Amino acid sequence: MTEDLVQDAWNRIDGWLREHAPRTFATLGQPAGHEEIAAAQEELGVTFPPDLIASLLRHDGAVEGAEAFLFSTHDRLLGVPGILEDTRFMRCVADDLDEEESESYWHHGYVKFGSYGATSDGLMIDCRPGRDSFGAVGRFFDETGTSFGHADSLGEYLAGLADQLERGPDGGAVTFNGRLFWEWASPARPEWGDAGDPLPAPDEQLPELDLSCSPTDLLHASHLDGLEELGALLAVLPREQVAEAARRQLRRLAVETGLAKYPEVESALDAWERGEAPPRPDRTGPLALRLRKVLVEADAHRDHHRKWAAEKMVQGIWGSPHRSVYEVAGIRSRLTVDWRADLHADLGDPPLPSIPDERFWGTLRNPAIDSSWYAAQYTQDHR
């Protein structure tokens, strides 16, 4: 029976989360009640497939928030109240469609059980008995409508999700600080280029580098907020500790993207790591010429990662350490699923704070971080 497949899949999902991502597991709801499920079907005028009922009897959704359990599509599991709310909303959206349009966009016989949150996108299930597609899982996109082919049943879909979790990073399942993240990386291509490639002439037409950075440049708190607990950690650690992490992070990026193979880059990084601040390059100096040439070659090779690394090299060494860490983390998040663990290690593996809220940013006093907007909001809300 497909209900048995649902139970088996949830057993595997729950077991994996308990072991690898206990904070995410804790967001899964308790079982829904039979009467609540029956009332929801009556209110919507549909028949839930047995798999959806079996799943709700296991977990009535997941609580909202940064730690919430998400499907690999980044949709949060909805409980009965969320199913009602989101499905009613989708029906309102589709009210002005004719029958043919509603079939491909949103039909009244569809029910949403996973929500992307920021948009109306999400996972849905066909609740039209008597059709071959009854119980099939699809996904709704606001711009294109509903597409099927994800799974013939919710049990099959959940079993596939369990498979992904058990494959770990190979299946997109990454854990950090007790939480589950769905991420995929695209490793850099450092094979092109050679350490002995000649430098261009000073008068060669090349893209310019931004050499205007300063160690006193402020980083807006909203950038660190996106790094969640790691952002909060960066905001409270001593500046020198952040600067050391910036050095280590930039070295990782240079090695991963192949930028470290060039002697001009290697020399600057070595001096920086020894505490010998290398002189700021001018636009025709060896380091600047190398980086400017890399920008041209990276475009030719369609290597965005090395191009971004070259653009950030000057800012990383001579700019604000907080900004450097933030920007390098953004690039490395595309290169490796381990970027969070690497950053935490480069910061010295200190205890991680909670995910920051507006109070955290509103009361933060760090001269390297611009948290004035949060401070104003916090002051206004607590008058």
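The values are calculated or read from the model by the stated rules, or taken from the named source; none is laboratory data. All of these numbers come straight from a predicted model, not from anything done at the bench. Heads up, the Cβs are rebuilt from the backbone with ideal geometry, glycines too, and the neighbour counts pull from every protein chain shown.
Of all residues in the range 179-221, those satisfying the criterion of being within 17 Å of residue 318 (Cα to Cα) and in a loop (DSSP other than H, G, I, E, B) are 208, 209, 210, 211, 212, 213, 214, 215, 216, 217, 218. When residues in the range 123-150 are screened for being without any contact (Cβ under 8 Å) to a residue 60 or more places away in the chain and at positive phi, 3 of them pass. Of everything in the range 133-162 that is part of a loop (DSSP other than H, G, I, E, B), over 24 Å from residue 118 (Cα atoms) and not hydrophobic (A, V, I, L, M, F, W, C), the residue that is farthest from the chain's Cα centre (by Cα) is 133.
Residue under question is residue 362, and the condition is that it be part of a helix (DSSP H, G or I) and assigned by TED's automatic domain parsing to the domain that holds residue 238; does it hold? So residue 362 fits the description; yes.
When you check residue 317 against the structure, is it at pLDDT below 95, of a type in the set (Val, Ile, Thr) and buried (at least 19 other Cβ atoms within 10 Å of the Cβ), yes or no?
So residue 317 passes the test.
So for the range 230-240 (the condition being in a helix (DSSP H, G or I), closer than 28 Å to residue 357 by Cβ, charged (D, E, K, R) and without any contact (Cβ under 8 Å) to a residue 24 or more places away in the chain), does at least one residue qualify? Among the residues of the range 230-240, at least one is in a helix (DSSP H, G or I), closer than 28 Å to residue 357 by Cβ, charged (D, E, K, R) and without any contact (Cβ under 8 Å) to a residue 24 or more places away in the chain, which makes the answer yes.
Tell me, please, whether a residue that is surrounded by 17 or more Cβ atoms within 10 Å (Cβ to Cβ), farther than 30 Å from residue 296 by Cβ, modelled with pLDDT of 95 or more and over 19 Å from the mean Cα position of the chain (by Cα) can be found in the range 223-235.
Yes, that holds for at least one residue.
For the residues 323, 290, 334, the requirement of being over 26 Å from residue 240 (Cα atoms) and part of a helix (DSSP H, G or I) singles out 290.
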